[in-house]
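A short write-up of the structure that comes next.
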Amino acid sequence: MSLESGHAHSRRRVRVVTLLFFAVTVASNACLAQPVDVLVNGTPVTLKTAPAVVHDQLYMPLRELFSLLGAHVTWIPQAQTIVAYRGEDIVALRVGSEAAEVNGVELTLSSSTSVIRGSVFVPLRAIASLLGASVAYVDRAVDITIAPIDGPSRAPSAYAATIDRYSRDSYAGKYVWGKS
């Protein structure tokens with residue numbers, strides 16, 4: 001094999017890899033752009049930020065999902081952590097982690113929270129179930145059924161303590177979860 005044919009072979013390989021990369025990028029963007037109708041208890045809702053499909057899972061913008069579920073959210077930027085409550089349930093999620101803390105107990109989610117288009121997105125089914133909601137898919141629509149809140153509508157007493165712990169631990173350089 002001559003030097004020229006080696007270069008031609010390398011260029012061809014680069015073209016194939018580039019074309020493959022382009023095809024994967026276009027396909028993944030097409031998945032993210034597919035419109036999904038969202039229903040809450042059977043009623044259509046309009047989201048400010050469109051849901052995203054990542055690895056065959058539907059992700060929704062965290063703040064909008066928690067709002068639809070009737071949850072209150074606190075963002076702790078230094079810890080990259082979200083602490084939320086709905087009724088008596090307190091949930092803490094760290095961006096990029098597959099671990100969640102629910103009422104003081106660590107659980108592993110099916111997939112991690114992610115930053116997509118500058119917003120924190122969470123796997124819909126996993127997060128909805130943590131806050132007492134169920135998810136069903138009907139055609140191109142996702143119907144989120146929210147159970148009534150049991151307990152008072154004010155923040156549980158452990159909510160402020162959870163926020164304080166995550167804020168304090170992040171300043172001290174501690175990692176709350178070992179998984180990421």
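Listed values, structure above:
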read-out: Volume per residue of the C-alpha convex hull in the stretch 40-112, rounded to whole Å³; value: 113 Å³
read-out: Label-to-label distance, nm, for residues given as ASP164 and ASP56 (7 Å Cα→Cβ offset); value: 4.6 nm
read-out: Low-density loop cleavage sites - chymotrypsin sites (Phe, Trp or Tyr not before Pro) in the stretch 59-118, where at most 15 other Cβ are within 10 Å (DSSP); value: none
read-out: Additional length obtainable on full extension of the chain from GLN78 to VAL102, 0.36 nm per residue less Cα span; value: 6.6 nm
read-out: Apportionment of accessible area to carbon and sulfur, the stretch 29-165, percent (1.4 Å); value: 54 percent
read-out: Coil-residue trypsin sites (Lys or Arg not before Pro) of the stretch 63-135, DSSP, other Cβ within 10 Å capped at 12; value: ARG117
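The values are calculated or read from the model by the stated rules, or taken from the named source; none is laboratory data. Since this is a predicted model, take the numbers as computed values, not measurements. Note that we place each Cβ from the backbone using ideal geometry, even for glycine, and neighbour counts take in every protein chain shown. Just so you know, the surface numbers come from the protein's heavy atoms only, side chains and all, with ligands and any DNA or RNA stripped out. Shrake-Rupley method; radii C 1.70, N 1.55, O 1.52, S 1.80 Å.
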